[in-house]
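Notes follow once the structure below has been shown.
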Amino acid sequence: MTASNPPIGLLAEITHRCPLRCPYCSNPLELTRAEAELDAAAWARVLEDAAGLGVLQLHLSGGEPTLRPDLEELVAAARGAGLYVNLITAGVLLDGPRVRRLKAAGLDHVQLSLQDSDVDSADRIGGFKGGHAKKLAAARHLREAGLPITINAVVHRQNLDRIERTVALALDLGAHRLEVAHTQYYGWAFANRAALMPTPEQVDHARRVVDRARADLRGRLVIDYVAPDYYAKYPKPCMGGWGRQVLTIGPDGRTMPCHAAHTIKGLAFDSVKDRPLRWIWQNSPAFEAFRGTDWMQEPCRSCPRKEIDFGGCRCQAMALAGDARATDPACSLSPLHARLHALAREDAATDAPFTYRRMLPKDRLPEAPPALRAVEDA
Ligand code: SF4
Ligand code: FES
């Protein structure tokens, strides 16, 4: 099936380098080195192509995108191409002059990540001492420059009990929006499942806190909530459906239907170094692999929800079922769903240390736990 619509959003992971070491990082276990990154001129060409293809929003991400000294050039190129420019940053490298330069280059919006509301815990989770204080300072610079801020709070067992304080901190920092997103378990997070998985009680508590805060803070703070589908009835329509709305370009130009698609074995990703972006969106085998519904197996194939959630998340199906074509085990109709629940509870009761994200040679990458089917067959 070929693309019927243009993509709306482009996630540009302009570098995998990062001063933080979050154990839930969604970057690949094998990170791209600085020497392989596209330069500013190549990105400018790609951004022009993206706008021509119909992309409206650019999300500049990483790693840590502010590590690139040419970030202002990229922002200006995106703005020149008519894109809305959002920067997704940990904020630890943002001082006042840099913020003002980025604003002058055309930056529209900033998503600032928080690891926790407690300083010691935040620094421990991010693996960067002093990081939390730098984020608070960055928020002040952003506010002074008049840039709208969304706080990104990735939540898990080790910070969920302080969710009320995270909401209060987002307000104090002058954010207009807070995204509370439960950890998505693939890549580094999958390897850290036993350290991060929340208990069902924590998940219930978080839901109640968010519902109450939404009502109390109406008109002051918008709260988006990405629920943990390990404990849900149906999965999320991940990426709005594979190859339907968004695309991701990695630091070296490889282009993927989602930021975790590298976890799916057997997919090869075309690069903007070799192919026009339009061709990749419309024809690349990786984009075609799970587009539409023809690829589905049962129970998705005959399910009335198949064009609502598109069978859930392909990366989660790969990680958990060992097969990216399988029904996402987060779905209650998946034959693996009960095992997933049992495993989530087991992980939530395990006190495992973090495996921090690091640039590691291939032979020293962390081992991910086995897929459910493999566990079942053992
Ligand atoms: Fe969605 Fe497939 Fe579950 Fe139906 S069976 S609800 S299409 S994941
Ligand atoms: Fe890749 Fe869901 S994260 S499809």
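The values are calculated or read from the model by the stated rules, or taken from the named source; none is laboratory data. Keep in mind it's a predicted model, so treat the numbers as computed, not measured. Positions of Cβ are backbone-derived with ideal geometry, glycine not excepted, and every protein chain shown enters the neighbour counts. The accessibility values were calculated without ligands, DNA or RNA, using every heavy atom of the protein model including side chains. Shrake-Rupley method; radii C 1.70, N 1.55, O 1.52, S 1.80 Å.
For this structure, a couple of remarks:
- Taking the criterion of being under 13 Å from residue 134 (Cα atoms) and either surrounded by fewer than 18 Cβ atoms within 10 Å (Cβ to Cβ) or at pLDDT below 95 (or both), the residues of region 85-119 that qualify are 93, 95, 96, 119.
- Considering region 32-62, and only residues there that are open to solvent by less than 20 Å² (accessible area, probe 1.4 Å) and under 30 Å from residue 197 (Cα atoms), the residue that is farthest from the chain's Cα centre (by Cα) turns out to be 32.
- Residue tally, condition closer than 23 Å to residue 19 by Cα and outside any helix (DSSP H, G or I), over region 59-83: 9
- Of the candidates 330, 344, 260, the single residue that is aliphatic (A, V, I, L, M), within 30 Å of residue 159 (Cα to Cα), touching a residue at least 60 places away in the same chain (Cβ under 8 Å) and away from ligand 2 (no atom under 16 Å from the Cβ) is 344.
- Being among the hydrophobic types (A, V, I, L, M, F, W, C) and surrounded by fewer than 23 Cβ atoms within 10 Å (Cβ to Cβ) is true of residue 221.
- Unique residue being within 18 Å of residue 118 (Cα to Cα) and either surrounded by fewer than 22 Cβ atoms within 10 Å (Cβ to Cβ) or in contact (Cβ under 8 Å) with a residue 24 or more places away in the chain (or both) when the list is 172, 229, 211: 172
- Test: residue in region 40-49 that is in contact (Cβ under 8 Å) with a residue 12 or more places away in the chain and in a loop (DSSP other than H, G, I, E, B): no
- Residue satisfying all of: in region 245-285; in a loop (DSSP other than H, G, I, E, B), among the basic types (Lys, Arg) and at pLDDT 95 or above; surrounded by the most Cβ atoms within 10 Å (Cβ to Cβ) among these: 275
- Residue match in region 337-352 (condition: outside any helix (DSSP H, G or I) and buried (at least 18 other Cβ atoms within 10 Å of the Cβ)): no
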